[in-house]
Amino acid sequence: MQMSLQFPNASRVYDSVRCCVTFWGHDSTFEIAFHVDEDVLRRFNPHEGRDEAASLRAFDVNRRQIERAASGVYARRHKSSHRLSTADF
């Protein structure tokens, strides 16, 4: 039986080097990292700043939509890491 992607861990971190917010999903015992581009977060709230706090706020407010997009990307290609861009939304 194949398990579906789940997001039991609410952790997320801002990565200033990669210019993204990273969060994790789980497919059975496999951990999958997702990196959400800053451009995606700015699209959700274009009037926010571009700093860590603004990026994390945009992520938190839109988490359900981001997780749905992550699930769709993962369903198309099972990899251990995915970068989510505006094209994924």
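The values are calculated or read from the model by the stated rules, or taken from the named source; none is laboratory data. The structure displayed is predicted, hence computed values, not measured ones. Don't worry about glycine lacking a Cβ; one is built from the backbone with ideal geometry, like all the others, and counts go over all protein chains shown.
For residue 71, are the conditions met, namely being part of a helix (DSSP H, G or I), out of contact with any helix residue (DSSP H, G or I) (no Cβ under 7 Å at 6 or more places or on another chain) and either of a type in the set (S, T, N, Q) or within 17 Å of residue 86 (Cα to Cα) (or both)? Against the criterion (part of a helix (DSSP H, G or I), out of contact with any helix residue (DSSP H, G or I) (no Cβ under 7 Å at 6 or more places or on another chain) and either of a type in the set (S, T, N, Q) or within 17 Å of residue 86 (Cα to Cα) (or both)), residue 71 qualifies. When segment 31-41 is limited to residues that are in contact (Cβ under 8 Å) with a residue 24 or more places away in the chain and among the aliphatic types (A, V, I, L, M), the one that is farthest from residue 81 (Cα to Cα) turns out to be 40.
Any residue in segment 80-89 that is among the charged types (D, E, K, R), in contact with a Phe, Trp or Tyr (Cβ under 6 Å, 6 or more places away or on another chain) and either surrounded by 15 or more Cβ atoms within 10 Å (Cβ to Cβ) or assigned to a strand (DSSP E or B) (or both)? No, segment 80-89 has no match at all. Note on segment 65-89: residues that are more than 10 Å from the chain's Cα centre (by Cα) and not hydroxyl-bearing (Ser, Thr, Tyr) total 10.
Given the structure, is residue 81 of a type in the set (S, T, N, Q), at pLDDT 95 or above and touching a strand residue (DSSP E or B) at 6+ places or on another chain (Cβ under 7 Å)? Talk me through it step by step, then tell me what you get.
Numbers: of a type in the set (S, T, N, Q): yes; at pLDDT 95 or above: yes; touching a strand residue (DSSP E or B) at 6+ places or on another chain (Cβ under 7 Å): yes.
Taking the combined requirement at face value, the residue satisfies it.
The C-beta contact set for segment 60-79 (first residue touching a residue at least 12 places away in the same chain (Cβ under 8 Å) and farther than 15 Å from residue 40 by Cα, second residue surrounded by 11 or more Cβ atoms within 10 Å (Cβ to Cβ) and among the aliphatic types (A, V, I, L, M), distance under 6 angstrom, 6+ apart or interchain) comprises 71/5; 74/5.
From 16, 28, which residue is loosely packed, with under 13 Cβ neighbours inside 10 Å, free of Cβ contacts under 8 Å to residues at least 40 places away in the same chain and at positive phi?
Details: 16 fails: at positive phi.
One residue alone meets the criteria, 28.
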